Every structure is written in C-alpha cells, then in structure tokens.
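To keep things clear, I will list the structure first and then write my remarks on it.
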C-alpha cells in the first residue's frame, strides 16, 4: 500500500476516533437526580455534617466549602441515599477546587469526595469509592466517575471530607444518577480499536515479511515488540494498574535492599509504564532503521512509528479505565528519536547506513 493511501486511512481513523469519542456517550441516564438540594440553594438541607470546633462549613452561591484548621481533626459533609434496586451502575460528578490543603500522613488524608457503599450495616471501603483526592491549591475542575454497585448494597453515601488535614475544599454542581451502558457505544467500543489493530497489522506486515526474509530471529523480535506495544494499549485500566503496582513494589524492594532511601525518594520513582513505552519504541526504531530497504528513507520509519504511537493512544479512549494523553505520544516518539540520533552518531551500528531514499 502506498504512502498516500496509508496516510489517508490514518487520518480517517483519527477523525472517526475523535468524532465517536465526543459524540457517542458511554452511558445513558436511567434515573432522576439522587442528590436533592445538590446546588445548595436551600443551604445544607438534606445533608449531614460531622465536625469539631476547628472545622467550618461554608454554603454560598450554589457551592459548599469545607474548612479544617487542625491536622488532628476532620470535617465531613455527606448525604445518604437508600438504593431501590440491586447492583447496577451510578455516575457521580462534581466540580471542585482546593486551597492550601496540607495532606496528612495517610494516603486518604486529603480533600476528598467519595461514594461509599453500605450493606450489612457497614461501610464497604474495599469497593471502589474515590472520586477525587486533592492537596495543595487547585483551580475549579469537573470530575466524573462511574461506580459499579454491589448487589448487596442497600445504601450509599456521597461524602465530602477533609480527613486529618488542614485547608479548604470547595464543591459545586454535584450530581448522582443511575446509568446503563449505551448500546451504540458497545459497538463503537469494539469497532474503533479493531480498526486501529487492523491498520497497524497492514502497516507493519510488509516490514515483518522483509525481516523474516532476512532473519527469522529479527522478524520474531519485531513481532514481539509490536505485540508488547499492542498488549499494553489494549489492557484494561484495572489490569494495568495492578501490573504497574506489582512492578513498582518489586523495584522498591530492590532499591531498599541496595540502599536505604532518603526522605521522599520512593515518591520520585518514574512511572514504569512510561519507561516501558520509551524502551519499546526505541528498540523498534533501532530494528527498523538497521534494516532499511533499498530506496526507503529513515523518515518513513519516523512516519510509521508516529502513526503507531497516535493510533495506540487514540484506541485507549475506548478501553475501560484508560485515557489518551498527548504526552504519552511524546514519550513514544522520544524513544524513536533517541534511536535515530544514536544511528546518526554511530553509523557503524547500521549495516547499510541511514538511507535517504524517496520511495516506499
């Protein structure tokens, strides 16, 4: 397939991805607003407050503010809702900002908005419950998350809190609805990532064939690297986070065994998934540059890998728990350009040198 056709298909897939993401809602509301007086025009009516003398509740102009002056105390503002049906999903949304929040020693000692499920008369904190956790000073931003309800859940509480931390948390435009997955989105969810997988397969099939013709080992390595990139792309967010946390835990264990970390050093660990993407794209670029076909310029390698980076990132818009970040494309391409620079500095690494051919 010639370059113009490849670029045309790539542009169409980009437009399709962006159009469907912005115009096909993932969820449809199937209930009325659960949070009565969610705009606080009636003050704190319907909500409950737990605080000490060091805490203060501010309600004004459709927003609510929590102020805590002592790191030894907490303030909590919440509403309890009885659930009328088993299981299902609800979406919680809030627009929030923070001011001078000094986080406490525990991970939950921040300005938080959470949704806690209750059954058997007890809060079930092991279930997903965090919407936001803010510290420092942040501007207004809207946060939204879908929570899956346990079939045993009989009550939920939407809680705004400053737990053993000082500062101010402000919230407005709170909403809570029961939702279901949009049937149209169910189709889009498979159609768009499937289109990207097919495009990437067609894009790299000639490359893979040329490698196999020269060296099956090299062809196998190329296949494994591309497969690793695609596996990381299509992995659901929950699985990715579990894998990342396991890897980080191992790295921390090794780092601690080698030398005792100083204050805050463990917090400086680089996101291991970002490092992996940089490394995979660097290796793939090295392999492709090393075996440039006659008449094919190095810039075609850059183009192919740029389309791979953008395509895999846009596909993540439709993977549960994942998101697309322009910065991640930059990390991928940084690996590619690092490989290119190495080949320019050390041309001996390339069996044939970097060619400047003009055809594909």
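If we scan region 62-79, do we find a residue that is surrounded by fewer than 12 Cβ atoms within 10 Å (Cβ to Cβ) and free of Cβ contacts under 8 Å to residues at least 24 places away in the same chain?
Within region 62-79, not a single residue is surrounded by fewer than 12 Cβ atoms within 10 Å (Cβ to Cβ) and free of Cβ contacts under 8 Å to residues at least 24 places away in the same chain.
This table checks each residue for (1) within 13 Å of residue 91 (Cβ to Cβ); (2) surrounded by 20 or more Cβ atoms within 10 Å (Cβ to Cβ); (3) more than 23 Å from the chain's Cα centre (by Cα).
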site: 112; (1), (2), (3): no, yes, no
site: 119; (1), (2), (3): no, no, yes
site: 123; (1), (2), (3): no, no, yes
site: 133; (1), (2), (3): no, no, no
site: 139; (1), (2), (3): no, no, no
site: 180; (1), (2), (3): yes, no, no
site: 183; (1), (2), (3): no, no, yes
site: 191; (1), (2), (3): no, no, no
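So that you can scan it fast, the table gives a plain yes or no per residue for (1) at positive phi; (2) touching a helix residue (DSSP H, G or I) at 6+ places or on another chain (Cβ under 7 Å); (3) not in a loop (DSSP other than H, G, I, E, B):
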{"site": "9", "(1), (2), (3)": "no, yes, yes"}
{"site": "18", "(1), (2), (3)": "no, no, yes"}
{"site": "36", "(1), (2), (3)": "no, no, no"}
{"site": "66", "(1), (2), (3)": "no, no, yes"}
{"site": "71", "(1), (2), (3)": "no, no, no"}
{"site": "87", "(1), (2), (3)": "yes, no, no"}
{"site": "95", "(1), (2), (3)": "no, no, yes"}
Hey, does region 102-110 have a residue that's surrounded by 15 or more Cβ atoms within 10 Å (Cβ to Cβ), in the same structural domain as residue 38 (by TED's automatic domain parsing), in a strand (DSSP E or B) and touching a residue at least 12 places away in the same chain (Cβ under 8 Å)?
no
So which pairs qualify, if the first residue must be in region 199-217 and assigned by TED's automatic domain parsing to the domain that holds residue 313 and modelled with pLDDT under 75, the second must be part of a helix (DSSP H, G or I) and surrounded by 15 or more Cβ atoms within 10 Å (Cβ to Cβ), the Cβ gap must be under 6 Å, and the two must be at least 6 apart or on different chains?
211/218; 211/219; 211/222; 212/219
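The values are calculated or read from the model by the stated rules, or taken from the named source; none is laboratory data. Source: prediction; values computed, not measured. For neighbour counting, all protein chains shown are included, and Cβ atoms are generated from backbone atoms with ideal geometry for every residue, glycine included.
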